[in-house]
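Single-structure report; data block below.
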Amino acid sequence: MKKTELLYEGKAKKVFSTEEKEILIVSYKDDATAFNGEKKGTIEGKGVVNNRMANHVFKLLEKNGIPTHLIEELSDRETAVKKVNIIPLEVIVRNIAAGSFSKKLGIAEGTKLLEPTLEFSYKNDALGDPLINDYYAIAIGLATREEIQTITEYAFKINDIIKEYFLKANMELVDFKIEFGRLEDKTIILADEISPDTCRLWDVNTHEKLDKDRFRRDLGNVVEAYNEVFNRLGL
Ligand code: TMP
């Protein structure tokens with residue numbers, strides 16, 4: 001598989017076309033941003049951790065009946081994936097209150113939720129990814145009612161699978177963000193990544209943060225946290 005052209009450079013990944021129309025190559029960078037790109041930095045080795053971890057998790061999800069874009073890991077930073085039209089929704093599942101949820105609702109970080117929750121943000125940098133609901137998503141044509149239903153079912157099932165997976169490595173899955181895409185035949189599959197950039201992971205015993213919040217909140221030991229996750233998962 002060979003890269004032909006750089007199609008898109010995002011905040012954390014580059015996407016290349018290949019000789020095959022339906023296959024793309026993603027290349028994970030060490031660049032990190034937060035607060036809609038306002039804060040910028042580099043986390044050495046992050047691209048390798050995120051590539052490996054996303055592929056590992058996606059394989060586990062495939063085994064459990066969740067279709068994903070993963071085709072094949074090509075190197076420590078590069079992966080061949082199925083080309084999709086990304087549905088412009090950030091799908092966020094939460095098990096424990098943290099981040100924007102805690103701020104908005106005045107509920108202390110670390111408070112266990114009585115059941116997992118799900119929310120949508122409209123993926124739109126110019127608008128700052130505003131929180132929307134399923135009715136908005138359908139009304140403005142981001143996804144159909146059937147697609148929202150599929151996405152919701154997949155999101156909660158993914159939560160069940162990866163919550164258990166991280167717990168085996170002594171990490172609590174606080175919350176995470178996922179994105180879905182449509183294949184040409186309109187099948188919905190999981191795309192983007194699942195990594196410490198897109199999950200909150202806390203040590204089960206000490207509640208130490210082992211994710212991108214260390215960068216967002218200037219907590220220090222950012223590279224160490226990514227490496228800790230990498231090692232705990234045996235990647
Ligand atoms: P939040 O509490 O800031 O809304 O974040 C919820 C989850 O989504 C958290 O695991 C971090 C992840 N996330 C992203 O992956 N990308 C983003 O742009 C934001 C704001 C959050």
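Observations on the structure shown:
- Meets criteria (within 13 Å of the ligand (Cβ to nearest atom) and on the phi > 0 side of the Ramachandran plot) for Asp213: no
- If the condition is being among the hydrophobic types (A, V, I, L, M, F, W, C) and within 7 Å of the ligand (Cβ to nearest atom), then region 83-104 contributes Ile92, Ala98, Phe101.
- Apart from one condition, Glu62 fits all of (1) touching a residue at least 40 places away in the same chain (Cβ under 8 Å); (2) more than 23 Å from Arg214 (Cα to Cα); the exception is (1).
- Filter result (surrounded by fewer than 13 Cβ atoms within 10 Å (Cβ to Cβ), at positive phi and within 14 Å of the ligand (Cβ to nearest atom)) within region 107-150: Gly128
- Search result, residues across region 130-150 that are in contact with a helix residue (DSSP H, G or I) (Cβ under 9 Å, 6 or more places away or on another chain) and among the β-branched types (Val, Ile, Thr): Ile138, Thr144, Ile148
- Looking across region 179-235, the residues that are of a type in the set (Ser, Thr, Tyr) and either under 22 Å from Glu153 (Cβ atoms) or in contact (Cβ under 8 Å) with a residue 12 or more places away in the chain (or both) come down to Thr187, Ser195, Thr198, Tyr226.
- Strands (runs of 3 or more DSSP E) enclosed by region 1-115 - at least 3 residues per element that are within 20 Å of Arg216 (Cβ to Cβ): 31-34, 39-42, 89-96
- Count of region 154-190 residues which are surrounded by 16 or more Cβ atoms within 10 Å (Cβ to Cβ), within 16 Å of the ligand (Cβ to nearest atom), over 13 Å from Val57 (Cβ atoms) and of a type in the set (A, V, I, L, M, F, W, C): 3
- Filter result for Gly47 (over 25 Å from Gln149 (Cα atoms) and surrounded by fewer than 17 Cβ atoms within 10 Å (Cβ to Cβ)): no
- Checking Val204, Val222 one by one, the residue that is crowded, with 16+ Cβ neighbours inside 10 Å, of a type in the set (A, V, I, L, M, F, W, C) and at negative phi is Val222 and no other.
- Odd one out for Ala54, checked against (1) small (Gly, Ala, Ser); (2) under 12 Å from Ile25 (Cβ atoms); (3) out of contact with any strand residue (DSSP E or B) (no Cβ under 6 Å at 6 or more places or on another chain): (2)
Where a number appears in this text, it was derived from the coordinates with a stated rule and is not lab data. Bear in mind that the values here come from a model prediction, so they are computed numbers and not experimental data. Cβ sites come from the backbone with ideal geometry, for glycine too, and all protein chains shown count toward neighbours.
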